[in-house]
Structures are given as C-alpha cells and as structure tokens.
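What follows is one structure encoded as structure tokens, with my remarks underneath.
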Amino acid sequence: MSLRRWSVTLLAALVALVTIAPLLWMVSVSFMARGEAAQFPPPLWPASPTLENYRLLFGTFGVGRFLLNSVLISTLATGLALLFTIPAGYAFAKLRFKGRDAIFRMLVAALVVPGQVGMLPLFLELKAMGLVNSYAGALVPWLAGIFGIFLVRQYCLSIPDEMLEAARIDGASEGQILRRIVLPILTPIIVTLAIYVFLSSWNDFMWPLIILSDQDLVTLPVALAVNSRQNVQDYEIMMAGAVVTTLPVLILFLALQRYYLSGLLTGSVKG
Amino acid sequence: MSAAGRASEARAGWAMSSPALAAIMLFFVLPAIASLFLSFTDFDIYALADIGNLRFVGLANYARLIENPLFWKAMTNTLLFVAAGTPFIVALSLFAAMLVNSRWLKWRPVWRVALFAPYVTTLVATAVVWRYLLHTRYGLINYLLSFFGVPPIDWLGDPHASLPAILIFVGWKTFGYNMIIFLAALQTVPRELDEAARIDGAGWFTRLRHVTLPAIAPTVLLVSVLTVAGMFQLFAEPYVMTQGGPAQSTVTILYFMYEEGFKWWNLGSGAAVAFLLFLCILAVTLVQLRLAKRSGAI
C-alpha cells in the first residue's frame, strides 16, 4: 500500500512539474542577459542573473503606464461588477416581484450567447456615446455580468426566509436587510466573485484590443501582444514582459486560492 | 404578509435588479440583436464616417462570405479545433481530476493548486511563453523531444503542426478549470462502489467505463459543452502565436471576424460572421444536449 501511495504521489508531482515548468522557465529566462536565450541547447538558468530586461521594460518601453492602466481597469471593473450584480443576484433569489422568474430564465438562456457576437455593434454603440478609447469603454462589458448574478443568486437561495421576515417585522427596510443581514452572509461568494472579475478583466484581451487604441490607455496584455508581434527575437525581454503581465494575478490567486476554488464549485456544481 | 409589505418587497426587487438588467440590455442584448441587423447592411469605413452612406443589402454579406475561401478556411479550422480539441481537453482534465482524487495521494491541495495555476495566468503572456517553448531551434519542447530521437518540428511554421501546437497550449491553459469541476463530481461517487468492483477483479479501465463514467456523465456533458464553446472562441492564441498562419492554417472564426471588422472595417460582413458563429455554437450545444438525453446522461 505504501508503494502505491508513493507511486501515485510521484506521478502527481511529475504532472505538476510539467504543468508549471513553462511558468518557471518564463521567470528564469527573464533574468538572462540579452541573446542568452537564443542558444542550443536552451539554457535552464541564467549564467549571471540580471535585472537589465526589467530596467529596459520600465525605462525604455514605459511598461509602468500599462501596469497602471491594468490595475485601474481591473480594480474599477471589480468594484462596478460587485455593485451591479450583488443586489441583482439577491433580488432574483429572495425578493418576490412580477416577472422575476421569467426574466431569470431568459438570463440563463442568454449565457449561451458569447459576448463576441455583439462586439461590432457594441463598438459602434460606444462610439456614438463617445466612449471609444476611454477607460469607461473598457469597463462596460463588466457591468453586464450574467454569470455573477447567477453565482450570487445560487448562494442567496440558502439564506432562510424566516431570517428576512423577522427583520421586516422588526421594521428594517429592504435596503437595510441587504446591507446588514445579507451582505455579511454573502462574504465568501463576494470574495470569489471579486477574484473572478479581477482575474478575468486583467486577463481580457479581445475587447481592450478593440476599444483602446491610445498608447496611454492600453492594458498590459494588449501592449505585450502588439509588441510580441514586432520584437519576435527578443526572448528575454518578452519573457520579462510576460512575467510583469501575469505575475500579479498569479500571486493574487495563490494568496486567495482557497476562497476562489471553493466558490467556483458553488457556482458550477449547484448550478 | 401585508399588501403594503408585499408592494415594498416588489419595489425593492425592481430597484435592486434594474441597474444590472439595464446594463445587460444596453451592453449585451441590444448589441447581440443589432448584430443581426448590421449583418444585412454594407456598414464599412464610409458609413463609419457618414451614416448616410449606409445601405440595406439583404443577404449580400452572407452570399459574399460563402464565396470567400478564407471564410471557409476559418470555418474548417475552427471545426477542427472543436473536433480534435474537445475530446483531448476533456480526457486530459478527467485524467488530472482522477489523479488528484486518488485516495493514495499525499499533499492533495498542493497538486490541485499547481495544476490549476495555468488557468489563472494571462492568456497573452503564456501564449508568448509557449511561442518560445515551441521555437524550432531554441525551444525547450524540441530539445526534450530530441532525447527520444525526434527531429526538430517546426511547430508554428508548418501548416500541419500549427493546429496541434496551439491545441497543446490551449489544453495546458484550460484543463485545470475542468479538473476542478470533475473533482467535485468525482467526490460524489461512492468509494464503496469502486472498491466493490475492484474486489470483483475489475481492472482500472473497466472500472472507469462501468463505474466512474456513468456516475459523472452529466459532468462530462457540462465540461464538453463548456470546452466546445471555448474552442469556438479562440482568438488571442492565433493572434499572438501565429497571426493566423502559416498558410492560414490557424485562422479561426473570431480571428476572421476581428480582421473583417477592425482591420478592414467591413462591419456588416463582420457582423454576419458573428451571427454565423452564434448559430454554430447553438447548433453544436443542442446536438450535445440531444445526444446526452438519448444516452440517458441527463
């Protein structure tokens, strides 16, 4: 039995190593001197680690600006998404109003429609509103998050009705019930939703590529993608750019993975 | 409850849900419907400058697409991605989930997090990393293959290798998410069932086929529906790794739509592509649901 235990664990360790090897190599190459990565056989470690690539990125390439754009857009997207979806998810689960169930069924059906279907008209719509090439334009899709409403609603269904009734009898308004009773109960799913929106908006590529063209507004993924199509040979710089782009979300995930993984399961399995 | 209480509850319900519903109407439903109308017009760079240049052209956009070989190339490429990628990714995810679910595994949370990590990374960043990993001369993958006597493969430069190369990357990037969904389903399969089959002398594969798979069939369906939808939406992968090449072997529907719409500013024709993409996803999802109903999975 012990042999079996070790062989399974060894296999898992091997699979895990293969899985994260690309990320480890990305970090390793980002510390190599210019031209060092273009060798055969490919070097695994930098001969003499250097921060030169990062200095170039933040100095010559002005990556700090893109980093700031990404942080601002993802933070605002997260805040706005929570503001819009939490009350809606709660209302669909617990407040009885006419047409509620019919509307909710339509929302669930709409989950099948990929956002890209409406991308061209949405671009024209935002152009008419004067929001092309602005943070606001990049944020708009995050206001219309059906998945978030769905996630919050599933979680709210477990709140006992008696609890809300008791608060109503005590004279609490519906807004007070949401703030004082429901929000504390929802904390775990709010954390999950916040991480989900932050990661998704940080990693998003196609919409920011379309809506942001001004060099001062673009996010890290857009800047990296556009540059990677031009500077194909500069592996070390590109790897440093990849590190700057993906490390913040990777660290965020590692720090909060317990809330994130359990919360995602609530959404996918109970649903 | 009093009538007044009921009315105030309904009012609150509307007040709390209407901001989100208004945003969904304005930025999701309306553009999706407008896409269909846009596809019946010749909206192009001239209409963008002056809306007076816009003309209704009926089905002309669709007729022109059907005659465009690049459109058909994008269609077949995408269907190849769906047909080859879905079973590959579902199998990979299920394998990872069964490994992490194994009762003999030590330090389970560590492996779960490590295998999930690629899913949260930024697609563009890891696509840049994988373009380098897949490099013909300096890439780690060809170097590792050389130990098994495999000659260097021009992963992203050979039209026959480019699609598998992107699939390997997409599989690496997404299997962790599906693994988590499978893990939750596997935990509901009673250990005793598997144990009893094992004592009866059933081998690993027999138990997988007759015990585990039937028990998690609805989850297999869910993961395949999600994976199919994901395969239809490949865009950043070809944009960063191959720019649709070589020989247009990795132009996907969305990549084609992007170039139609935002490179050539043929928004009418791009909207027609978007609408056809929607019909494809809808058709494949309905077929999957019907197959699942017939086989009794749901």
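What follows draws every value from the coordinates through simple rules; no lab data is involved. Since the structure is predicted, the reported quantities are computational estimates derived from the model, not experimental observations. Here Cβ is always computed from backbone atoms with ideal geometry, including for glycine, and neighbour counts include all displayed protein chains.
Quick notes
- In order along region A:164-172, phi translates into HN-Hα couplings of 5, 4, 4, 5, 5, 4, 6, x, 6 Hz, rounded to whole numbers, per the Karplus curve 6.51 cos²θ - 1.76 cosθ + 1.60 with θ = phi - 60° and x for Gly and Pro.
- As a ratio to 2.2 N^0.38 Å, the alpha-carbon radius of gyration computed for region B:201-273 takes the value 1.74.
- Note on the protein assembly as shown: lysine pairs with Cα distance below 22 Å, sequence gap of 8 or more or different chains, count 4.
- B:THR41 long-range amide H proximity, modeled H, under 5 Å: B:VAL57
- Counting only other chain Cβ atoms within 10 Å of each residue's Cβ, the peptide A:87-93 averages 6.
- Peptide A:160-173 shows a mean partner chain C-beta count of 1 within 10 Å per residue C-beta.
- Direction-averaged projected area, Cα convex hull, region B:70-222: 11.8 nm², rounded to one decimal.
- The magnitude of the dipole of chain B, with charges of +1 and -1 set on the Cβ of Lys/Arg and Asp/Glu and taken from the Cα centre, is near 900 debye.
- Reduced Cα scattering model of the protein assembly as shown, Debye log10 I(q)/I(0), q = 0.06, 0.07 Å⁻¹: -0.33, -0.46
- The mean number of Cβ atoms from other chains found within 10 Å of a Cβ in peptide A:3-9 is 4, as a whole number.
- Gyration tensor (alpha-carbon) shape descriptor, region A:72-119, a/c threshold 1.5: oblate
- Each Lys and Arg Cβ is given +1 and each Asp and Glu Cβ -1; about its Cα centre, chain A then shows a dipole of about 660 debye.
- For a label point 7 Å along the Cα-to-beta-carbon line of A:ALA128, residues of region B:47-62 with backbone N under 16 Å: B:47-56
- Long-range Cα-Cα pairs in region A:186-271 (distance over 21 Å), rounded percent: 44 percent
- 13 Å beta-carbon shell around A:PRO46, net charge (K/R +1, D/E -1): -2
- Comparing B:GLY149, B:GLY268, B:GLY58 in a Gaussian network model of chain B, where Cα atoms under 10 Å apart are tied by springs, the biggest mean-square fluctuation is seen for B:GLY149.
- Student exercise, the protein assembly as shown dipole from Lys, Arg, Asp, Glu Cβ charges, in Debye to nearest 20: 1460 debye
- Two-site FRET efficiency, B:ARG103 against A:LEU83, from Cβ-Cβ distance with R₀ of 35 Å, rounded to 0.05: 0.20
- With helices as the sole contributors, chain B gives -21500 deg cm²/dmol at 222 nm; each DSSP H run of n ≥ 4 counts as -39500 (n - 2.57), and the sum is divided by every residue.
- Compactness of region B:136-203 as Cα Rg over 2.2 N^0.38 Å, two decimals: 1.80
- Remark: the A:THR50-A:ARG258 segment gains 71.4 nm on full extension, using 0.36 nm per residue and subtracting the alpha carbon distance.
- Packing rank of B:274-281, B:205-212, B:122-129, where each peptide gets the mean count of other beta carbons within 10 Å, highest leading: B:122-129, B:274-281, B:205-212
- Counting every C-alpha pair in region B:1-112, the share spaced more than 16 angstrom apart comes to 80%.
- Using alpha-carbon coordinates, inclination of helix A:220-230 to the longest axis of chain A, degrees: 30 degrees
- Going from the fewest other Cβ atoms within 10 Å to the most, the residues B:HIS135, B:HIS160 appear in the order B:HIS160, B:HIS135.
- Ordering A:ILE177, A:PHE205, A:GLY145 by Cα displacement along the dipole of chain A toward the positive end leaves A:ILE177 in first place; charges were set at the Cβ atoms of Lys, Arg (+1) and Asp, Glu (-1).
- For region A:63-98 versus region B:165-210, the spacing of their alpha-carbon centroids is 35 Å.
- With the highest mean first, a sort of the peptides A:44-50, A:188-194, B:178-184 on other beta-carbon atoms found within 10 angstrom per residue produces B:178-184, A:188-194, A:44-50.
- Its residue count N sets the reference 2.2 N^0.38 Å, and the alpha-carbon radius of gyration of chain A equals 1.25 times that reference.
- Dipole of chain B [Lys/Arg +1, Asp/Glu -1 at C-beta], most positive-end residue of B:LEU70, B:SER295, B:LEU140: B:SER295
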